[in-house]
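Reviewing the structure listed below.
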Amino acid sequence: MKYITAPFRWIKKTKKAIKDFFSSQWNKTAYVFRYLFGEIGDFYRTKLAKYVDRFFGFLTHNAFINMSNTHIGFFNNKLKIKVTRYRREAFYGYLFIFLWLVGYLLFTFYPMMYSLYLSFTKSFYNLQTGITSSWHGVTNYLNIARSQTLLPLFGAYIGKIVLAVPLIVVFAIMIAMLINQPVKGKGIWRTIFFLPVIISSGPVIAELTVQNATSLPSIEESNAIGFIFQNLGSWIANPLEALFSSLLLVLWYAGVPILIFLAGLQKIDSSIYEAASIDGASPWDNFWKITLPSIKPLISVAIIYVVVSMSLYVEPRGILELATTHMRSGNPDSSQYFGYGYAAAISWIYFLLMVIIMLIFIGMVSFKRKEVKKWG
Amino acid sequence: MGLIERYKAFKQKDRRAAKAKLKKIFYGMHLTDGLFYKIAIYTLLISFSYVYLYPVLFMFVNSFKTVQDLIDPGVKWIPTTIEIENYQRALEVLQLPQSIYQTFGYVFKVSILATASSALIGYGFAKFNFPFKRVLFALMLATFILPPQVTMVSNMIIFRDLGIMGSQGAMTYPAFLGQGLNQSIFILIFYQFFKTIPHVLMESAEIDGASHIKIFFRIALPSAIPSIVIVFLFSMVWYWNETFMTALYVGESVTLPLKLGKFIDSYELLYPDGTLGAELNEAIKLAGNMLSIFPLMVLYFIGQRQFTESIDRTGITGE
């Protein structure tokens, strides 16, 4: 008997040894991290904090501005302003968001307005003269509307987003509900489904696309799907085909939405489900009547996230890359590239399309059906 | 009753009990705790994760293949020989140890700035009441849906005027001023966190004579370390993966992913036509891809918890 059970004991032993090894390694790393952060914290408290305080103290107590508890004095207390609690709070509030305020005006608001202005001009840049622009009216927009290369690109963009967003959201809800079931190793599943967010950068995706690894071979070679495409009009078949040929990469956008929905699902009180099951609700009812309504606000969040992150991705030979080319190689004599104004118009149309699609989707999600009133 | 009948009855009872037991194991008390249900869930999860990770697996396996294996349709998941040379070539082409230092240096700098400024701004929005706060907060959130590509045209001109075009300043200045990549999410994370710190704590510190700035550095910031770690890790990953704006503003080969984008050109420069190993095959390119995502994978497995539980911990989606 001893000899028969020996292998099992060995297996047990090795398993334990492996487990011990890894847990000790993990403890070591965790210890190192704790130690490191603790050291940093101690260093900050004992050494650095003094200087930080002194530096920021200097910002509020100097010759130009001297802030006491009751008054703020400017220019060696020549000009004094009484400080109320409300005023002080407002002052500190603006002090903390000052960086953002400057950044917003300089790097977001002004560029937006400036590029809106540029989109109505014909603008070129060269090293000697800098930017030269002349008023051009809406000609840029008209030219884009007449363009044979840009219009199909915009169409493809709309088709891609309109088809992909519902797919991604449904997929994300499905995966989140699967992980939310009582399964083992929730951390592992989360890790797997979040991995693409970490690794998906432009060049990696481009390389995967080139090598045809963005779709399952069984989908690519399926006769049924090919048959469906042949019998549909090209206006719907083309976007569908584009979607299927990069299906897996499209699903990769679900990484963050899965976590969003998972967080929402975990917040639902389990006593609601218990009460429903006492009343005889089936899992199907549970989903439509409890789960979906409670994660409904999160669907809008997920839609915003997905639409924005899909629009941020710059396709090779896509709209945004074309805009860059127009911007960079545009010069007044060129008949192909029309400079900064044209590029600005392209990106504004792109932005407006994105916002419109997003609004339509959110409107559809938060649209409430009118309750039918039953009389009698 | 005879012995045989009694035995039969006993058997039947036994069988019925066994049946009930089996049924309980397979179907469970409810739908959700039976064996069939478990099998279905695990099957679905495993097959979905296979589909989901197919490109990664493809990349991993094919990066070890020889040219013969690449052509041979019979070899799919297990290469006949493991070709380490692919990786050696890719290492050379990407100039690896140096370019990792370079990329980390750049990404580290930008992320530190973005994290620091997000913490300050988030604290300002969370803890103080000031005129136009709601409007400004709404504008801050709205910047999330503005793709940086929309403003790239005029930003190019502005950066040129400021003299930071073509240097890392083009990314670090906006990050420091709260306009970096996805920075409204980071500000929102800090905002949500600082709102959970009880106001009483700050007030008592104020009564003891601490200024608001001191309160921020001594009380708020040390308690926000989980948020700081999450924001820092995410901003590192996003800045690492951002290639379009970085290439436009900073330069064509600043980060590792950008070098990967020019892999073919670099390869031809290193192995000109006619030399040994001149033909670039897919396996070498995939090895380059694997190498370029390797540092991020290491980061991911160290800070795995921070990444996958970020949304639960920060609560940015709710309310």
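Only residues that are within 12 Å of the chain's Cα centre (by Cα) and not small (Gly, Ala, Ser): list them for segment A:253-262, please. Step through it out loud before you land on a result.
Quick first cut of segment A:253-262, residues within 12 Å of the chain's Cα centre (by Cα) only: A:253-257, A:260.
Matches in segment A:253-262: A:253, A:256, A:257, A:260.
Just wondering, is there one or more residues in segment A:213-225 that are of a type in the set (A, V, I, L, M, F, W, C), within 9 Å of chain B (Cβ to nearest Cβ), within 30 Å of residue B:280 (Cα to Cα) and surrounded by 19 or more Cβ atoms within 10 Å (Cβ to Cβ)? Explain how you work it out, then say what you get.
Keep residues of segment A:213-225 that are of a type in the set (A, V, I, L, M, F, W, C), which gives A:213, A:216, A:219, A:224-225.
Subset that is within 9 Å of chain B (Cβ to nearest Cβ): A:213, A:216.
Checking which are within 30 Å of residue B:280 (Cα to Cα) leaves us with A:213, A:216.
This time we only want the ones that are surrounded by 19 or more Cβ atoms within 10 Å (Cβ to Cβ), so: A:213.
Checked against the condition, which is being of a type in the set (A, V, I, L, M, F, W, C), within 9 Å of chain B (Cβ to nearest Cβ), within 30 Å of residue B:280 (Cα to Cα) and surrounded by 19 or more Cβ atoms within 10 Å (Cβ to Cβ), segment A:213-225 yields at least one hit.
Sort out for me the helices (runs of 4 or more DSSP H) sitting completely within segment B:102-202 that have 2 or more residues that are within 11 Å of chain A (Cβ to nearest Cβ) and within 27 Å of residue B:219 (Cβ to Cβ).
Details: elements: B:133-142, B:152-162, B:169-176, B:183-196.
Qualifying helices (runs of 4 or more DSSP H): B:133-142, B:169-176, B:183-196.
Just wondering, is there one or more residues in segment A:232-242 that are crowded, with 16+ Cβ neighbours inside 10 Å, among the polar types (S, T, N, Q) and not in a helix (DSSP H, G or I)?
There is no residue in segment A:232-242 that is crowded, with 16+ Cβ neighbours inside 10 Å, among the polar types (S, T, N, Q) and not in a helix (DSSP H, G or I).
Of the conditions (1) more than 10 Å from every other protein chain (Cβ to nearest Cβ); (2) free of Cβ contacts under 8 Å to residues at least 24 places away in the same chain; (3) outside any helix (DSSP H, G or I), residue A:122 clears all except one; give me its number.
(2)
I'm trying to understand the selection: among the residues of segment A:25-59, which are modelled with pLDDT of 80 or more and over 22 Å from residue B:216 (Cα atoms)?
None - no residue of segment A:25-59 is modelled with pLDDT of 80 or more and over 22 Å from residue B:216 (Cα atoms), so the list stays empty.
Is it the case that segment B:60-67 has a residue that's surrounded by 21 or more Cβ atoms within 10 Å (Cβ to Cβ), facing another protein chain (nearest Cβ under 10 Å) and in a helix (DSSP H, G or I)? Spell out how you get there, then give the answer.
To start, the set of residues in segment B:60-67 that are surrounded by 21 or more Cβ atoms within 10 Å (Cβ to Cβ) comprises B:62-63, B:65.
Adding the requirement that they be facing another protein chain (nearest Cβ under 10 Å) leaves B:62.
Next, only the ones that are in a helix (DSSP H, G or I) stay: B:62.
So far as segment B:60-67 goes, yes, one or more of its residues are surrounded by 21 or more Cβ atoms within 10 Å (Cβ to Cβ), facing another protein chain (nearest Cβ under 10 Å) and in a helix (DSSP H, G or I).
Of all residues in segment A:148-180 being surrounded by fewer than 16 Cβ atoms within 10 Å (Cβ to Cβ) and over 21 Å from the mean Cα position of the chain (by Cα), which is farthest from residue B:42 (Cα to Cα)?
Initial filter on segment A:148-180 (surrounded by fewer than 16 Cβ atoms within 10 Å (Cβ to Cβ)): A:148-149, A:151-152, A:155, A:158, A:162, A:166, A:170, A:174.
Now drop any that are not over 21 Å from the mean Cα position of the chain (by Cα), which leaves A:148-149, A:151-152, A:155.
Values: A:148: 49, A:149: 47, A:151: 45, A:152: 42, A:155: 40 Å.
Only one residue tops the list, namely A:148.
Enumerate the pairs (first residue in segment B:167-189 and touching a residue at least 40 places away in the same chain (Cβ under 8 Å); second residue anywhere and acidic (Asp, Glu) and crowded, with 19+ Cβ neighbours inside 10 Å) with beta-carbon separation below 6 Å, excluding pairs fewer than 6 apart on the same chain, so at least 6 apart or on different chains.
Final answer for the pair search is B:181/B:242.
Just give me the residues in segment A:86-109 being more than 7 Å from chain B (Cβ to nearest Cβ) and closer than 30 Å to residue A:145 by Cα, in sequence order.
A:109 - this is the single residue of segment A:86-109 that is more than 7 Å from chain B (Cβ to nearest Cβ) and closer than 30 Å to residue A:145 by Cα.
What pairs come up if the first residue lies in segment A:136-153 and is over 17 Å from residue A:323 (Cβ atoms) and in contact (Cβ under 8 Å) with a residue 12 or more places away in the chain, the second is small (Gly, Ala, Ser) and outside any loop (DSSP other than H, G, I, E, B), and their beta carbons are under 7 Å apart, counting only those six or more places apart or on different chains?
none
Given the options A:265, A:249, name the one that is touching a residue at least 12 places away in the same chain (Cβ under 8 Å) and facing chain B (nearest Cβ under 10 Å).
Details: A:265 fails: facing chain B (nearest Cβ under 10 Å).
The conditions single out A:249.
Which one of A:196, A:203 is within 30 Å of residue B:245 (Cβ to Cβ), assigned to a helix (DSSP H, G or I) and in contact with a Ser or Thr (Cβ under 8 Å, 6 or more places away or on another chain)? Break it down into steps so the answer makes sense when it comes.
Details: A:196 fails: in contact with a Ser or Thr (Cβ under 8 Å, 6 or more places away or on another chain).
So the residue among A:196, A:203 that is within 30 Å of residue B:245 (Cβ to Cβ), assigned to a helix (DSSP H, G or I) and in contact with a Ser or Thr (Cβ under 8 Å, 6 or more places away or on another chain) is A:203.
Looking only at segment B:45-59, count how many residues are farther than 16 Å from residue A:249 by Cα and at the interface with chain A (Cβ under 7 Å from one of its Cβ atoms).
Keep residues of segment B:45-59 that are farther than 16 Å from residue A:249 by Cα, which gives B:45-47.
If we keep only those that are at the interface with chain A (Cβ under 7 Å from one of its Cβ atoms) too, we end up with B:45.
Count: 1.
Of all residues being assigned to a loop (DSSP other than H, G, I, E, B) and more than 7 Å from chain B (Cβ to nearest Cβ) in segment A:183-193, which is farthest from residue B:302 (Cα to Cα)? Just the residue, please.
Initial filter on segment A:183-193 (assigned to a loop (DSSP other than H, G, I, E, B)): A:183-185.
Cutting the leftovers down to more than 7 Å from chain B (Cβ to nearest Cβ) gives us A:184-185.
Details: A:184: 21, A:185: 17 Å.
Checking each candidate, the answer is A:184.
The values are calculated or read from the model by the stated rules, or taken from the named source; none is laboratory data. Because the structure is a prediction, the values reported are computed rather than measured. Virtual Cβ from ideal backbone geometry, glycine too; neighbours counted across all protein chains shown.
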